[in-house]
Ligand SMILES: [Zn+2]
């Protein structure tokens, strides 16, 4: 027969005083069960969805490493994002912050340091050959590096390096996981490049400059953008100019992004007589380690359909 712990027996037999003691016990248990880190646990916080997906693939099922996502998956790019008190708490509890860098996260620096002066910040885009940006971006660099699978491989390697420095005991596991993921990303990049060799029309219009690195890989020419400054709707004059460019350059399609309203893309598409299609810069989830590959293969099918192949 199992013996009931003495303290619980005492609580059951006593009156309201004992009930209060019971609540205190429950509260203590809740505190013990709350996500306070175990000693020696490495707590990694990723700034937005693609960084989270890359990190999850490098960490795999390595014990003692937790990976958390800061921005909700549906938010899209963190342009102009301001940290919430909830974000500050997550930063305060983390050892390592995985960012894209190149100016994507404007809150890097003082706001993050204020929340946690000891956090290590990893700018994963480091080493990617930059594309200049006319508007915004850090020092005039387009920050949307992750949308190219070739860049993604470099960003994954930077994550592996940072994780291994933070937790040398797990370096072997991180290396194996990063090798496997990088190999899958290389296959994905190869599929995109092979298909792009057969595209009939290479002129496209995008919603904002999020696909520039992918366009460089696939030798696509972006003849216009709906939002030249991310987050800022175009003026009537800019819309007319864009429609003219679409007609003159015979653009194949206008690509909108699922995390932003497609109304404007539809209006411009019907005005200029070209189709509008969704391309996803891996900004909408689901929050699953395979999402980058799934979404990029869907993008490939959309590009093949919209651009035509020879
Ligand atoms: Zn963006």
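All of the numbers you see were taken from the coordinates with simple rules; none came from a lab. No experiment lies behind these values; they were computed from the predicted model shown. Here the Cβ is made from the backbone with ideal geometry for all residues, glycine too, and neighbour counts use every protein chain on show.
Observations on the structure shown:
- Degrees between helix 149-166 axis and first principal axis of the chain (Cα, 0 to 90, nearest 10): 30 degrees
- Directionally averaged shadow of the stretch 199-307, computed from the convex hull of its alpha-carbon atoms, nm²: 6.6 nm²
- Protection proxy ranking for 206-213, 158-165, 280-287, using the average of other Cβ atoms within 10 Å per residue and placing the highest first: 206-213, 158-165, 280-287.
- If the segment from residue 187 to residue 92 were pulled out straight at 0.36 nm per residue, it would be longer than the present Cα-Cα gap by 30.4 nm.
- Angle in degrees between helix 171-196 and the longest Cα principal axis of the chain, rounded to the nearest 10: 20 degrees
- Distance from the stretch 283-310 to the stretch 160-181 (C-alpha centre basis), Å: 28 Å
- With both labels modelled 7 Å from their Cα along Cα-to-Cβ, the residue 270 to residue 134 distance reads 2.8 nm.
- Rounded to 10°, Cα long-axis angle of helix 236-248 versus longest principal axis of the chain: 60 degrees
- Shape category assigned to the stretch 94-157 from the gyration tensor of Cα positions, a/c cut at 1.5: oblate
- Kirkwood estimate for the stretch 221-277, i.e. one over the average of 1/r between Cα atoms, Å: 11.4 Å
- Spin-label model distance (nm) - residue 310 vs residue 241, 7 Å beyond Cα toward Cβ: 3.3 nm
- Taken over the alpha carbons of the stretch 42-191 as equal point scatterers, the Debye sum produces base-10 log I(q)/I(0) values at 0.09, 0.18 Å⁻¹ of -0.26, -1.07.
- Taking the average, over residues, of other Cβ atoms within 10 Å as the packing measure, peptides 119-132, 231-244 rank 119-132, 231-244 from highest down.
- Alpha-carbon spread of the stretch 126-208, three principal axes, descending order, Å: 49, 34, 18
- Length-normalised contact order of the chain in % [C-alpha pairs under 8 Å, at least 6 apart]: 16 percent
- Residue 248/residue 298 FRET efficiency (R0 35 Å; Cβ-Cβ; nearest 0.05): 0.70
- Simple spin-label estimate for residue 232 and residue 84 in nanometres, 7 Å along Cα-Cβ: 2.7 nm
- Calculated diffusion of the chain, Stokes-Einstein form, Kirkwood radius summed over Cα pairs, 4 °C and 1.567 mPa s, µm²/s: 60 µm²/s
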